[in-house]
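Novice: Below you'll find the structure I mean.
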Amino acid sequence: MKKPFTDKEQKVMNLLVEAHNNFIELERTHPMEIMEWVSGLHKLQDLLGARVLRRDYPEIFTTI
């Protein structure tokens, strides 16, 4: 099975997971911080996913 990420992209994804796992262990200082954290994390994951789409389907997802 083909891996979706390059080795470096996978490393970045793994670091995001590590950062998330550490962040959620912190004491809460604001009622919205987890929701905001997860929202930001999803944006970063979306950016990595977009790289896969542009690489695998350049005719559709490559920007002009």
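The values are calculated or read from the model by the stated rules, or taken from the named source; none is laboratory data. Computed from a predicted structure; not experimentally measured. Note that each Cβ is placed from the backbone with ideal geometry, even for glycine, and that neighbours are counted across all protein chains shown. Ligands, DNA and RNA are stripped out before the accessible areas are found, and what is left, the full protein with its side chains, is counted by its heavy atoms. Shrake-Rupley method; radii C 1.70, N 1.55, O 1.52, S 1.80 Å.
Novice: Go through the residues of the range 5-23 one by one and say whether even a single one is in contact (Cβ under 8 Å) with a residue 24 or more places away in the chain and among the basic types (Lys, Arg).
Specialist: No: the range 5-23 contains no residue that is in contact (Cβ under 8 Å) with a residue 24 or more places away in the chain and among the basic types (Lys, Arg).
Novice: Can you find, within the range 39-64, the residue that is most open to solvent (accessible area, probe 1.4 Å) among those that are among the aliphatic types (A, V, I, L, M) and touching a residue at least 12 places away in the same chain (Cβ under 8 Å)? If you could, list the steps in order and put the result at the bottom.
Specialist: Initially, the range 39-64 is screened for residues among the aliphatic types (A, V, I, L, M), giving 41, 44, 47-48, 50, 52-53, 60, 64.
Of the ones still in play, those that are also touching a residue at least 12 places away in the same chain (Cβ under 8 Å) are 41, 44, 48, 52.
On the way: LEU41: 21, LEU44: 82, LEU48: 16, VAL52: 21 Å².
Going through the qualifying residues, I end up with LEU44.
Novice: Considering only residues that are at pLDDT below 95 and of a type in the set (Ser, Thr, Tyr), look in the range 18-64 and name the one that is nearest to PHE5 (Cα to Cα).
Specialist: Looking at the filtered set, the residue picked out is TYR57.
Novice: Please count how many residues of the range 1-23 are assigned to a loop (DSSP other than H, G, I, E, B) and either open to solvent by less than 70 Å² (accessible area, probe 1.4 Å) or touching a Leu at 6+ places or on another chain (Cβ under 6 Å) (or both).
Specialist: Final tally of qualifying residues: 2.
Novice: Which of the residues that make up the range 24-64 are in a loop (DSSP other than H, G, I, E, B) and within 18 Å of the chain's Cα centre (by Cα)?
Specialist: Scanning the range 24-64 gives a single hit, ILE24.
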